[in-house]
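Values quoted throughout were computed directly from the atomic coordinates according to the rules given, and no laboratory measurement underlies them. On a predicted model such as this, the values are computed, not experimentally measured, just so you know. With ideal geometry, Cβ positions are generated from the backbone for all residues, glycine too; neighbour counts draw on all protein chains shown.
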Amino acid sequence: MSAAEPLLRVEDLRVEFHTEDGVVHAVDGITYQVHRGRTLGIVGESGSGKTVASMTTLGLTRSQGARISGRILFEGRDLLALSEAELRAVRGNEIAMIFQDPLSSLHPLYRVGFQLIEAIDAHRQVSKAKARERAIELLGLVGIPDPARRVDDYPHEFSGGMRQRAMIAMALANEPKLLIADEPTTALDVTVQAQILDLLERLQRELDMAIVIITHDLGVVAEMADDIAVMYAGRIVETASAELLFAGPEHPYTWGLLKSIPTLTGSRDEQLVPIPGTPPSLINRPSGCHFHPRCPYAQPDHARIDPQLEPVPAEPTHHVACLLDAPTRRALWGELRAGRMPDEALAAAGLPGEAS
Amino acid sequence: MSARAGEQPGSAFGEESVTVAAPPGSPQGGVEPLVRVRDLVKHFPITRGIVVQRRIGAVKAVDGVSFDVQRGETLGLVGETGCGKSTTARLITRLLDATAGEVRFDGRDITRLKGPALKAVRREMQMIFQDPYSSLNPRKTIGSIIAEPFAIHRLERGKGERKRAVQELMEMVGLNPEHYNRYPHEFSGGQRQRIGVARALALKPKLLIADEPVSALDVSIQAQVLNLLRDMQRELGLTMIFIAHDLSVIRHMCDRVGVMYLGRIVEIGPGDALYGSPRHPYTGALLSAVPVADPAASRGKRPTLGGDVPSPANPPSACRFHTRCPKAQELCSIEDPPLQDKGTGTEAACHFPLTPEEIAQIGVRSRG
């Protein structure tokens, strides 16, 4: 991690939506930073707040019922304090975003080229001819074959992978310093996913962009991210460099994610360890540690005490929000990694089972 | 990948390690497989014109697929969007009618069955669908959804007896039997998929077809449903066809695996052989494209397959993979390679199958 000032620094961000059913605590005090040329992976399941956090960076969650607090410092400027007009100058220009579903993110009635030119035109004073030239160049850059001809195609004439490439081209139109990619490959087949991930890595090297990649796929973050933040119920529960996180995950939720996916390499008899229960409602969140109702290692007081994100002993860059002490966590993960089930791991670590 | 690839080329080449089931075509000890599919073809016509519809072509969704499913085994079908894996399942269950070819189920040709005879066969085969939200009627209680198969097949029982049967099923799949009178919206995605499983198992089918049963679920929930299906495999000795695009899930669930590309099976064999020493370049490309949740193993360049899948309305001549295949030569665009035993446990349809060195590379994923 470089000592220089980060490109993006999110401090204690909170986003609440006031709805008829109650207050949705979508993002609940998260802090992270992204450095130039680096990739942050945000991992979590549906409803963990990962998308809302990123959309808030671009001011896309501003609305009547939304309460947003904290700071989002982009090159030292607080994006939350900007007016809508000021924000518009940043959005799509210095910070760009690509979304999961490339079909619904492109307008079906306009040619791909027109939509690209629109993105350039919004931030640059250029002639139509120059903008078109740039659009063709961008399509070539993201690997669309025969870009001079395809620039006049409609989105439906593109395949799924090509549409995502076109979205990336649009995001890159103004050479953003930060690209936010929200599940950029989830709707794609594996071979196309591999192409898009390669493309993002190549473009990052060439343009020295910072990337925030949001995904539920641990494989994708393992390949792409330098740093990883794991989100659960609106909070970051664990954050570390990719190497540290995969080598020694500290949070029971991260363990659950790792043990619940079958691997290509493991034995066929490997036992998947599902995380029991379902993700909590963000309106009525569990007390104490939000994960305690699903945590096989929860102790009685975990329902009362709210854990803070704290550094792991001896690893100052690795933070975890867990009430178990570090030696216990290490013992538990050691057992789990060896293929033991949670209850066996509990017994081996000398912890009492669940209170019930 | 790396650990396996290190040991595989040495051990797998030369010595056969087929134990689970015989490859298609070779009857095993005279026992007829539960499902036998031969040269199955499904073409969807493309028409032009509103009043007078003229046929101008066909989408060759399934184009000559043959395989067997032995009793008690799980066959996986894997491939990318549009490869025909779901169409194949729908042809076997007769939700679609085949253009040509034959489906034999339990020793009978069921390809052209109609009416009561078809209904009787369908009782023996049940499906679990991808989307647990749209495959359950929102206006019916869970109890009546799971009991529906009894009603359809006129296995009328007394009310009390039926309720008992349904509650037993609910318990078996890990649902609380007291939730008998609840509606689908009161359940989470994973629980709904359990309801789908209970409904599919209600008639004790001989064959269960699961079409992407976990791809709509969150990661933590996927494992719950996969574990349930594996328990059912073991406890009930189910024969299953398991369709998915996720290679890791397929490996975890299946004894044998068929890889499909543009309406054809390009490679089929026992899971260990197929994943350990894939011979078809497409199988190799799929395996190397899967991101691995281990930064140490996966960093670096993966050999990426170029281009997109061609349209099934106008598939490439001869070997359909030749337009994207890194090993393609002239022969590949002239002569269609048949599925052949490649001596390493799988059958592959390829003129120039992967060599041990190339297989090792898939595993290593050359770092940096």
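Once the piece of chain linking A:Glu118 and A:Asp152 is laid out straight, how much longer is it, given 0.36 nm per residue of separation minus the C-alpha distance between them? Intermediate values should be presented prior to the final figure.
Numbers: separation 34, 0.36 × 34 = 12.24 nm, distance 1.37 nm.
Gain in length upon complete extension: 10.9 nm.
Tell me the mean residue ellipticity at 222 nm calculated for chain A from its helices only (DSSP H runs of n ≥ 4, each -39500 (n - 2.57), averaged over every residue, nearest 500).
Working: 13 runs with 118 residues, N = 356.
Per the formula, -9500 deg cm²/dmol.
Over the alpha-carbon set of the protein assembly as shown, divide Rg by the Kirkwood Rh and report the Rg/Rh ratio to two decimals. Before the final figure, lay out the partial values.
Values: Rg = 26.7 Å, Rh = 27.6 Å.
Across the protein assembly as shown, the Cα-based Rg/Rh ratio is 0.97.
Can you list the HN-Hα couplings for the range A:136-150, worked out from phi with the Karplus curve (6.51, -1.76, 1.60; θ = phi - 60°), rounded to whole Hz and with x for Gly and Pro?
Those phi angles translate into 5, 4, 5, 4, x, 4, 8, x, 7, x, 6, x, 5, 8, 5 Hz.
So what's the back-of-envelope 222 nm ellipticity for chain B, counting only DSSP H runs of four-plus at -39500 (n - 2.57) apiece and dividing by all residues, rounded to 500? If you can, show how the numbers build up before the last one.
Numbers: 12 runs with 118 residues, N = 368.
Taken over chain B, the calculation gives -9500 deg cm²/dmol.
7 Å from Cα along Cα→Cβ at both A:His107 and A:Glu5: what's the point-to-point distance in nm?
3.7
How large is the direction-averaged shadow of the alpha-carbon convex hull of the range B:132-204, in nm²? Provide the component values of the computation, followed by the final result.
Numbers: hull surface 17.2 nm².
Average projection, Cα convex hull of the range B:132-204: 4.3 nm².
Mind checking which lysines have their Cα closer than 30 Å to the Cα of B:Lys206? Skip sequence neighbours fewer than 8 apart in that chain.
Result set, ordered by chain and number: B:Lys42, B:Lys60, B:Lys85, B:Lys114, B:Lys119, B:Lys140, B:Lys159, B:Lys163.
Once you keep just the Cα pairs under 8 angstrom separated by 6 or more residues, what percentage relative contact order results for chain A? List each step's numbers first, then the result.
Working: 639 pairs, mean separation 64.0, N = 356.
Once normalised by length, the contact order is 18 percent.
How big, in percent, is the set of alpha carbon pairs in the range A:103-175 lying more than 18 Å apart? Present the calculation step by step, with values, prior to reporting the outcome.
Working: 684 of 2628 pairs.
Distances greater than 18 Å cover 26 percent of the Cα pairs.
How many partner chain Cβ atoms sit within 10 Å of a residue's Cβ in peptide A:216-223, on average, as a whole number? It would help to have the intermediate numbers written out before the result.
Numbers: counts 3, 3, 5, 7, 3, 3, 9, 12.
What the average comes to for A:216-223 is 6.
Counting DSSP beta bridges with both partners in the protein assembly as shown, what percentage is antiparallel, nearest 5?
On the way: 61 of 98 bridges.
Antiparallel: roughly 60 percent of the beta bridges in the protein assembly as shown.
Would you be so kind as to identify which of B:Thr88, B:Val41, A:Ile117 lies farthest towards the positive end of the dipole of the protein assembly as shown, taking Lys and Arg as +1 and Asp and Glu as -1 on Cβ and the Cα centre as origin?
About the Cα centre, the residue reaching furthest to the positive side is B:Val41.
Considering only DSSP beta bridges where both residues belong to chain B, give the percentage that are antiparallel (nearest 5). Walk me through the numbers on the way to the answer.
Working: 30 of 48 bridges.
Within chain B, antiparallel bridges account for around 60 percent of the total.
Could you tell me the center-to-center distance, by alpha carbons, between the range A:142-218 and the range A:284-356 in angstrom?
Taking the Cα centre of each part, the range A:142-218 and the range A:284-356 sit 38 Å apart.
Sort all Cα-Cα distances of chain B into consecutive 10 angstrom bins from zero, then give the percent of pairs in each bin up to the one containing the longest distance.
Here the calculated profile for chain B is 5, 22, 30, 25, 13, 4, 0.
Which whole-Hz couplings ³J(HN,Hα) result when phi for each residue of the range A:244-257 is put into the Karplus expression 6.51 cos²θ - 1.76 cosθ + 1.60, θ = phi - 60°, listed in order with x for Gly and Pro?
So the Karplus estimates, Gly and Pro as x, are 4, 5, 6, 6, x, x, 10, 9, x, 5, 4, 4, x, 4 Hz.
How tilted is helix A:112-121 with respect to the longest principal axis of chain A? Cα atoms for both, answer in degrees (0 to 90, nearest 10).
With rounding to tens, the tilt is 90 degrees.
Whole-Hz ³J(HN,Hα) for each residue in the range B:213-227, computed from phi via Karplus 6.51 cos²θ - 1.76 cosθ + 1.60 with θ = phi - 60°, x for glycine and proline: what do you get?
Result, rounded to whole Hz: x, 10, 6, 8, 9, 5, 3, 5, 8, 3, 4, 4, 6, 4, 4.
How high is the relative contact order of chain B, in percent, with contacts defined as C-alpha pairs under 8 Å that are six or more residues apart? Intermediate results must be reported in sequence, preceding the final value.
Numbers: 692 pairs, mean separation 83.7, N = 368.
Relative contact order here is 23 percent.
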